[in-house]
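Note sheet for the following structure.
Read-outs: derived from the displayed coordinates by stated rules, not from any lab. Just so we're clear, the structure is a prediction, and the values are computed from it rather than from any experiment. Note that each Cβ is placed from the backbone with ideal geometry, even for glycine, and that neighbours are counted across all protein chains shown.
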Amino acid sequence: MIIIQKEENFNEWYNEIVEKAELSDKRYPIKGMNVWTPYGWKIMRHIDTYIRQELDRTGHDEVCFPLLIPETEFKKEKDHIKGFDAEVYWVTHAGLNELDVRLVVRPTSETAMYPMFSLWVRSHTDLPLKIYQIVNTFRYETKQTRSFIRVREIHFFESHTCHDSEEDAQRQVEEDFVILERVMKKLCLPYSLLRRTDWDKFPGAYYTVGIDTAMPNGRTLQIGSIHHYRTNFSEPYNISFEDANGERRFVHQTTYGMSERLVGAVIGVHGDDKGLVLPPALAPIQAIIIPIISKGNADTVNNATQDLSRRLNDAGIRCQVDDRDERPGSKYFHWEIRGVPLRLELGMRDIENGLVTYARRNDGQKGTFAIADAEKEAESILDGIADAMLQAAWEKQRTAVQDVESLQDPPEKILRFGWCQEEECGHEIEDRFDLTLLGTPYNDDGYEGKCIVCGKATKKAGYAARSM
RNA sequence: GGGGCUGUGGGGUAGCUUGGUAUCCUUGUGGCUUUGGGAGCCACUGACUCCGGUUCAAAUCCGGGCAGCCCCA
């Protein structure tokens with residue numbers, strides 16, 4: 001039984017869902033390093049699969065770089081090292097010997113990849129270079145950790161690209177947005193694109209676009225980011241090419257990354273007081289069949305459920321029969337906590353009428369359909385669930401944002417207000433109200449107003465919130 | 001960075017002040033009866049965070065480590 005209510009205490013509810021839905025085991029004896037248990041890992045694998053599909057489709061090649069980075073390479077870009085200094089793990093010994101050059105356990109892979117890029121890129125015909133990897137990275141979080149959301153070993157994808165011009169790199173950023181939209185549709189997740197403030201951008205970046213999703217407690221969760229580096233890394237790492245005129249120029253670079261926080265966002269956005277609610281595209285089990293058996297009809301019912309399961313699996317629907325020796329009610333709760341999108345019930349009553357009884361996890365809607373049309377019907381219900389989830393989630397994202405004219409007693413929401421873009425006013429907003437200034441919409445939203453601090457007229461909105 | 005609190009079967013807990021046989025719920029295993037919204041009965045398995053100290057005797061007292069939680073900066 002889920003005891004904690006989502007709206008009343010989101011943090012405790014979240015922890016309970018992670019445990020009860022068996023997504024992760026956090027008893028591993030290192031803080032912030034949790035075990036991916038089978039059900040949770042299947043969800044993550046589906047996300048990885050969609051990311052691979054989209055990156056492959058847009059001409060990115062998958063690679064896999066070493067986990068360890070020599071200190072000498074790590075320190076080549078000054079802002080970058082400043083940003084990560086306090087949160088990297090070091091390998092200082094090999095066997096009994098102290099290492100001459102210490103090794104950094106990657107917190108992200110720029111400094112692992114770029115020395116190699118310098119060897120790989122020689123001519124303009126080598127560009128654009130578009131690669132990605134799906135790996136784990138390590139950051140020494142000192143704050144309280146939380147499954148999927150704040151961890152020390154982070155499962156993520158990172159794509160890195162090199163271009164012959166700033167414009168071509170900019171086109172890459174635009175392509176990243178398309179990839180984002182397609183992936184997020186699978187996850188039924190809404191998001192906003194905010195250009196981060198200069199003091200909050202990625203260490204070493206020219207600019208950063210943060211991808212944020214609103215959580216039910218009025219906070220925001222950053223689930224990914226896209227960076228334009230210009231030549232900030234290619235200069236120290238000497239990634240240059242000979243252009244068509246025979247001149248040497250530095251490449252312009254971008255990166256794009258999203259992590260297991262996507263799982264955290266799915267839990268937070270879609271879950272309810274009965275447990276997890278999974279988008280059909282992520283669900284390890286999309287349809288669970290519950291046989292309703294009573295005296296003397298076990299064989300008939302079991303044959304019918306097995307047959308139905310086989311047909312649905314053949315049709316590409318991930319389906320299982322729950323034939324455990326439990327009461328049906330207990331099975332309903334079991335699969336509801338785990339977020340299975342569609343429940344199918346089959347008993348003598350249904351079989352005699354040629355029907356299947358179904359229940360949708362996202363909204364509890366129940367009904368029946370003809371057994372004969374099961375493949376088509378199940379597929380169409382799953383599509384309907386995905387559509388409804390996406391729409392409901394976007395509606396929540398929209399209502400999570402509130403326009404404010406002053407910062408007196410700000411509500412526990414994402415705040416939108418005028419901001420003149422001056423750093424001084426930005427810091428004032430953050431310091432006085434203990435909020436993070438998330439940035440300014442990447443795509444102009446037609447805002448007109450006055451800076452909430454200095455009162456100067458501005459056409460730019462600022463967004464601020466507490467972050468998770 | 002500073003301060004406070006807590007570690008007991010897989011999960012949640014009682015016991016700790018005042019040292020001596022570890023409580024209850026849940027989960028798990030086996031059996032019988034059950035099955036359209038969390039079934040009942042019986043039997044069984046399973047724990048004192050780690051290291052050191054005090055003591056005839058430590059879950060309990062003392063010191064340290066590790067892990068977790070909370071508050072402040």
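Hey, what did segment A:232-376 get for relative contact order, percent, Cα under 8 Å, at least 6 apart?
22
Between A:419, A:446, A:406, whose Cα lies farthest towards the positive end of the dipole of segment A:401-465 when Lys and Arg beta carbons carry +1 and Asp and Glu beta carbons carry -1, centred on the Cα centre?
The listed residue farthest towards the positive side: A:446.
Once each part is reduced to its C-alpha centroid, what is the distance from segment A:200-276 to segment A:37-112 in angstrom?
14
With labels modelled as points extended 7 Å from the Cα through the Cβ direction, what inter-label distance (nm, one decimal) is found for residue A:456 paired with residue A:421?
Between residue A:456 and residue A:421, the label points sit 1.0 nm apart.
Find how many whole Å separate the alpha carbon centroid of segment A:350-388 from the alpha carbon centroid of segment A:142-186.
Using only Cα atoms to place each centre, the spacing works out to 36 Å.
Give me the distance in nm between label points sitting 7 Å out from Cα along the Cα-to-Cβ direction at residue A:27 and residue A:123, one decimal.
About 6.0 nm separates the two model spin labels.
Return the calculated 222 nm mean residue ellipticity for chain A, to the nearest 500 deg cm²/dmol, obtained by summing -39500 (n - 2.57) across DSSP H runs with n ≥ 4 and dividing by the residue count.
Computed mean residue ellipticity for chain A: -10500 deg cm²/dmol.
So if we plug the beta-carbon distance of residue A:98 and residue A:168 into 1/(1 + (r/R0)^6) with R0 = 30 Å, what FRET efficiency do we get, rounded to 0.05?
Calculated transfer efficiency: 0.10.
Could you calculate, for segment A:10-270, the ratio of the Cα radius of gyration to the Kirkwood radius, expressed as Rg to Rh?
Radius of gyration relative to Kirkwood radius: 0.97.
Highest first, please rank the peptides A:230-242, A:441-453 by the mean number of other Cβ atoms sitting within 10 Å of their residues.
Averaged packing, sorted descending, gives the order A:230-242, A:441-453.
Arranged from highest to lowest average of other beta-carbon atoms within 10 Å per residue, in what order do the peptides A:220-227, A:7-14 appear?
A:220-227, A:7-14
What does the highest-first list of A:43-54, A:322-333 look like by mean Cβ count within 10 Å?
Going from most to least packed, we get A:43-54, A:322-333.
Bin all alpha-carbon pair distances of chain A at 20 Å intervals from 0 and give each bin's fraction as a whole percent.
Per 20 Å bin, starting at zero, the Cα-Cα P(r) for chain A comes out as 22, 49, 25, 4, 0 percent.
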